[in-house]
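Before any comments, here is the structure.
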Amino acid sequence: MGGGLMTDLSAQIEGDFIAMLDEWHSLPEAWDNALDAQIAKWYSNPPTVWPERDAPYFSPSAATKCPRELYMKAIKAPKDVVTKQPHQSRWQGIGTVIGDYIQREILAIERNFEKLTGNKPRFTFERNADGTPMFEEFAKRNKLVEHNGERFYLYGAPDGIMRYITDDGEIVRVGLEIKSKQQSPSKTSRKSMKQADQTHEIQTALYAHMYNVDYYVILYVNGSKRDWHMTPEEYANFPDIRAFCRRITDVDRAPIFDKFAAITKALREKVPPAMNLDEFRFNDYKTACALSLTDEEYADIVAVNERLQHSNLIDWKKRQHAEAVEFITEVRKGTV
């Protein structure tokens with residue numbers, strides 16, 4: 001396949017994937033009890049894959065986390081026990097269900113699309129030798145990476161590895177990552193969403209390496225709809241699903257591998273990496289990180305925060321840093 005065609009294929013995949021889902025969801029509902037029974041049977045006895053233990057491991061979903069947090073996790077420091085706000089649990093749970101729903105729909109398309117439309121579906125899930133689809137627990141694996149003189153594993157499971165049929169009939173393997181939006185219809189509007197989130201692109205760059213795929217689709221599904229009835233123009237401007245596909249190369253992965261290799265070296269040398277307060281809000285090891293700081297590191301963090309509070313940084317980032325330093329200070333004082 002020529003270089004120009006490879007470049008153009010990303011846009012083709014995006015459009016074909018959305019077109020397939022929209023056509024399927026415009027049809028009368030197709031009941032498929034046999035499919036639901038099969039899915040339940042698969043999940044009743046899923047395979048078990050544990051992380052390898054001869055080197056550190058990192059999950060693609062944690063690629064953008066603070067290096068200090070990943071270090072504390074690797075040395076088995078205590079994870080924070082946090083009581084979440086109830087809406088946060090529902091938010092996360094609904095997001096998981098949305099992913100399950102899309103996976104089930106692709107399986108249903110594979111079984112029913114052609115007989116209802118007369119056309120073969122352009123996308124189906126790749127299958128394991130036992131017939132299970134290549135997603136979630138049925139695709140979980142460890143992938144050894146040797147980079148900058150260090151050894152570490154990538155460990156995780158994708159939302160899906162698909163097979164895409166091009167206009168020429170060629171089969172191209174394509175990864176799938178499903179993300180939910182639930183705040184408002186504008187989150188997936190043409191005006192507000194111009195491209196995939198950078199953190200999701202980083203995550204999929206690692207999955208692409210683990211499963212040896214060149215193309216990856218990030219599908220955003222919005223649980224919030226603009227209205228029950230929409231004109232074609234309204235739906236065009238406020239679609240509830242958006243797909244972004246890109247071709248991933250080693251260049252995309254190199255900075256992430258640099259980060260993981262540096263953390264691996266820090267673990268080997270027992271020298272914790274610097275802390276990144278930009279990622280502190282979703283740090284699962286806040287207390288352990290705070291207590292692990294040397295007095296010099298703590299003083300540096302306080303000084304940096306002071307400078308940021310008098311800078312042109314946007315207000316919400318200033319608050320984020322100030323709250324992080326406040327928490328760290330209270331932990332070190334023993335008042336938290």
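The values are calculated or read from the model by the stated rules, or taken from the named source; none is laboratory data. Keep in mind the model is a prediction, meaning the values are calculated, not measured. Using ideal geometry, Cβ is built from the backbone for each residue, glycine included, and neighbour counts are taken over all protein chains shown. When the accessible area is computed, the model is the full protein with side chains, heavy atoms only, and any ligands, DNA or RNA have been set aside. Shrake-Rupley method; radii C 1.70, N 1.55, O 1.52, S 1.80 Å.
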| Read-out Cα Rg over 2.2 N^0.38 Å, derived from the coordinates shown; its label in (i) 1.11; (ii) 1.05; (iii) 0.99 | (i)
| Eligible lysines near K143 by straight Cα distance, threshold 17 Å, same-chain separation 8 or greater | K259
| remark: Dividing the mean separation of Cα pairs under 8 Å (6+ apart) by the residue count of the chain yields a relative contact order in percent of 21
| Hey, got a sec? Which chymotrypsin sites (Phe, Trp or Tyr not before Pro) in the stretch 213-243 land in a DSSP loop and have at most 15 other Cβ atoms within 10 Å? | W228
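On a full-extension model of 0.36 nm per residue, what is the gain between Q309 and R281, subtracting their alpha-carbon distance, rounded to one decimal in nm?
Working: separation 28, 0.36 × 28 = 10.08 nm, distance 1.76 nm.
Full extension from Q309 to R281 adds 8.3 nm.
Given axes a ≥ b ≥ c from the Cα gyration tensor, I'd like to know whether the stretch 177-336 is rounded (a/c under 1.5), prolate (a/b larger than b/c) or oblate.
Values: a/c = 2.82, a/b = 1.54, b/c = 1.83.
Oblate, since a/c reaches 1.5 and b/c is not below a/b.
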| query | Which distance in nm do the two modelled labels at N45 and I75 give, with both placed 7 Å along the Cα-to-Cβ direction? | reply | 4.3
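Using a probe radius of 1.4 Å on heavy atoms only, what accessible surface per residue do you get for the chain? Whole Å² is fine.
Numbers: 18660 Å² over 336 residues.
Normalised by residue count, the accessible surface of the chain is 56 Å².
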| message | Let me check I've understood the local charge: for N112, count other residues with C-beta under 14 angstrom from its C-beta, Lys and Arg +1, Asp and Glu -1. What total comes out? | response | -3
| Loop GluC sites (Glu not before Pro), the stretch 124-225, which have at most 11 other Cβ atoms in a 10 Å radius of their Cβ (DSSP) | E170
| said: Would the stretch 72-129 count as rounded, prolate or oblate if I go by the C-alpha gyration tensor, calling it rounded below 1.5 in a/c and otherwise prolate when a/b exceeds b/c, oblate otherwise? | reply: oblate
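Pairs K41/K79; K84/K194; K194/K225; K181/K317; K194/K265: which are spaced more than 29 Å apart, C-alpha to C-alpha?
Numbers: K41/K79 34 Å; K84/K194 31 Å; K194/K225 18 Å; K181/K317 22 Å; K194/K265 37 Å.
Long pairs (Cα-Cα over 29 Å): K41/K79; K84/K194; K194/K265.
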| remark: Any GluC sites (Glu not before Pro) in the stretch 1-103 that lie in a DSSP loop and have at most 12 other Cβ atoms within 10 Å would be E29
| query | In whole percent, what relative contact order does the stretch 107-168 give with Cα contacts below 8 Å and a gap of six or more residues? | reply | 32
| task | First measure r as the distance between the Cβ atoms of S26 and W316, then evaluate 1/(1 + (r/R0)^6) with R0 = 45 Å and state the FRET efficiency to the nearest 0.05. | result | 0.65
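Where the accessible area of the stretch 107-186 is counted over protein heavy atoms with a 1.4 Å probe, how much of it, in %, is carbon and sulfur?
Working: 1400 of 3560 Å².
That fraction is 39 percent.
From Cα pairs below 8 angstrom and at least 6 apart in sequence, can you work out the relative contact order of the stretch 78-190, rounded to a whole percent?
Values: 126 pairs, mean separation 23.1, N = 113.
20 percent.
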| remark: Between Q85 and K270, Cβ-based FRET efficiency (R0 45 Å, step 0.05) works out to 0.75
